[in-house]
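Novice: To start, I am sharing the structure in question, which I have written as structure tokens.
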Amino acid sequence: MAGLDIELAGIKLKNPVMVASGTFGYGQEASSFVDLDRLGAIVTKTISLKPRQGNPPPRICETAAGMLNSIGLQNNGVEDFINNALPFLSKFKTSVIANIAGESGKEYAELAKILNQQPLVKGLEVNISCPNVSRGGMFFCFDPKATFELVKMIRKATSLPLIVKLSPNVTDIALIAKQAEDAGADAVSLINTLQGMAIDIEMRKSKLGLATGGLSGPAIKPVAVRMVWQVFKTVKIPVIGIGGIMTGADAIEFFLAGASAVQVGTANFVDTQAPLRIVEEINAYLARNKIGHYKELIGQAKI
């Protein structure tokens, strides 16, 4: 077995393959199919301060080489997460990273402060693809200044490692990443979903309850790889790659572009064993190429 362990932004991972937020719930349902102790980390479904109802159905539809989703961050709030999800996750040795979202900097900071008191939570992934209600609804992720101010506010509220999840729906993702780093982020993860739309030609309306949704899956992988490469060249903090990772070869492509770890998302809906299979395929690649540790691949693409 080649070396797969890594300490990422202060979080110990037995391997670099995590499950992405929103695709694995809080691990309980998936535990019937997947050995959670073999995952690098579990990134939880997004948690908000108060319960959220989410968007009207339909919420998911298939597209060519991917899927659109418009869940609307439905969840039962942080109190329910602490009382019900964390006790279950405490049965496992895999690191838990809580994905958080809010409608204002104050909400994010309050969430971070609450979760800072939970020993099982090893880090926070900050979903900045949310509208800043206190500033007219502009999404945090679109504005470098808003990103900086938000991350700085959260940084003051917690000592936990902060991973900022970046949106691809921006002009310059490297600029946003640099602002997150300057504000105190310990790592960045990218990419979140691309904004997309699908229309039912018989009904002549959107296939989702809302007009648009987030596109994920293999269709977005080339965009994600390019953005990881751009951000890796810009920041000094670790980069986590997300977007269409279905195989070990996909993960290795992200490592070569500069990712220190990866998250598997849409693949979980296709193959419940995908994250574990990807770990095995990475190992096989390393053995075949006589590579002692996967970290030797990070950022080594000859571009």
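Novice: Residues that are among the hydroxyl-bearing types (Ser, Thr, Tyr) and under 15 Å from Lys221 (Cα atoms): does region 281-301 have at least one?
Specialist: Scanning region 281-301 turns up no residue that is among the hydroxyl-bearing types (Ser, Thr, Tyr) and under 15 Å from Lys221 (Cα atoms).
Novice: Separate question: I want to confirm something. Restricting to region 100-133 and keeping residues that are in a strand (DSSP E or B) and either free of Cβ contacts under 8 Å to residues at least 40 places away in the same chain or not polar (S, T, N, Q) (or both), which single residue is nearest to Ser70 (Cα to Cα)?
Specialist: The selected residue is Pro131.
Novice: If you don't mind, there's one more thing I want to ask. Mind counting the residues in region 65-92 that are part of a loop (DSSP other than H, G, I, E, B) and either among the small types (Gly, Ala, Ser) or touching a residue at least 60 places away in the same chain (Cβ under 8 Å) (or both)?
Specialist: Of the residues in region 65-92, 6 are part of a loop (DSSP other than H, G, I, E, B) and either among the small types (Gly, Ala, Ser) or touching a residue at least 60 places away in the same chain (Cβ under 8 Å) (or both).
Novice: Could you grab me the full set of residues in region 1-43 that are of a type outside the set (Phe, Trp, Tyr), assigned to a loop (DSSP other than H, G, I, E, B), under 22 Å from Met246 (Cβ atoms) and out of contact with any Pro (no Cβ under 8 Å at 6 or more places or on another chain)?
Specialist: Ala2, Lys14, Asn15, Pro16, Ala20, Ser21, Gly22, Thr23, Gly25, Gly27, Glu29, Asp35
Novice: Another one. Give me a count of the residues in region 12-41 that are basic (Lys, Arg) and touching a helix residue (DSSP H, G or I) at 6+ places or on another chain (Cβ under 9 Å).
Specialist: 2
Novice: Something else: When you go through (1) part of a helix (DSSP H, G or I); (2) crowded, with 19+ Cβ neighbours inside 10 Å; (3) of a type in the set (A, V, I, L, M, F, W, C) one by one for Ile97, which number turns out not to apply?
Specialist: (1)
Novice: When you go through Leu49, Leu39 one by one, which is the residue that is within 15 Å of the chain's Cα centre (by Cα) and within 28 Å of Pro87 (Cβ to Cβ)?
Specialist: Leu39
Novice: Among the numbered criteria (1) of a type outside the set (Lys, Arg); (2) at positive phi; (3) crowded, with 17+ Cβ neighbours inside 10 Å, which single criterion is violated by Gly72?
Specialist: (3)
Novice: Filter region 149-194 for residues that are touching a residue at least 40 places away in the same chain (Cβ under 8 Å), not hydrophobic (A, V, I, L, M, F, W, C) and not in a loop (DSSP other than H, G, I, E, B); which is nearest to Val264 (Cα to Cα)?
Specialist: Only one residue tops the list, namely Ser189.
Novice: Next question, about the same structure. What pairs can you find where one residue is in region 21-38 and over 19 Å from Leu73 (Cβ atoms), the other is of a type in the set (D, E, K, R) and assigned to a loop (DSSP other than H, G, I, E, B), and their Cβ atoms are less than 9 Å apart, with a gap of 6+ or different chains?
Specialist: Ser31/Lys91; Leu36/Lys91; Leu36/Lys93; Asp37/Lys14; Asp37/Lys93; Arg38/Lys14
Novice: Let me ask something else about it. In the set Ser90, Ser104, Ser95, Ser70, which member is in contact with a helix residue (DSSP H, G or I) (Cβ under 7 Å, 6 or more places away or on another chain) and among the hydroxyl-bearing types (Ser, Thr, Tyr)?
Specialist: When all the criteria are applied, what remains is Ser104.
Each reported figure results from applying straightforward, stated rules to the coordinates on display, with no laboratory input. All values derive from a computational prediction rather than experimental measurement. Heads up, the Cβs are rebuilt from the backbone with ideal geometry, glycines too, and the neighbour counts pull from every protein chain shown.
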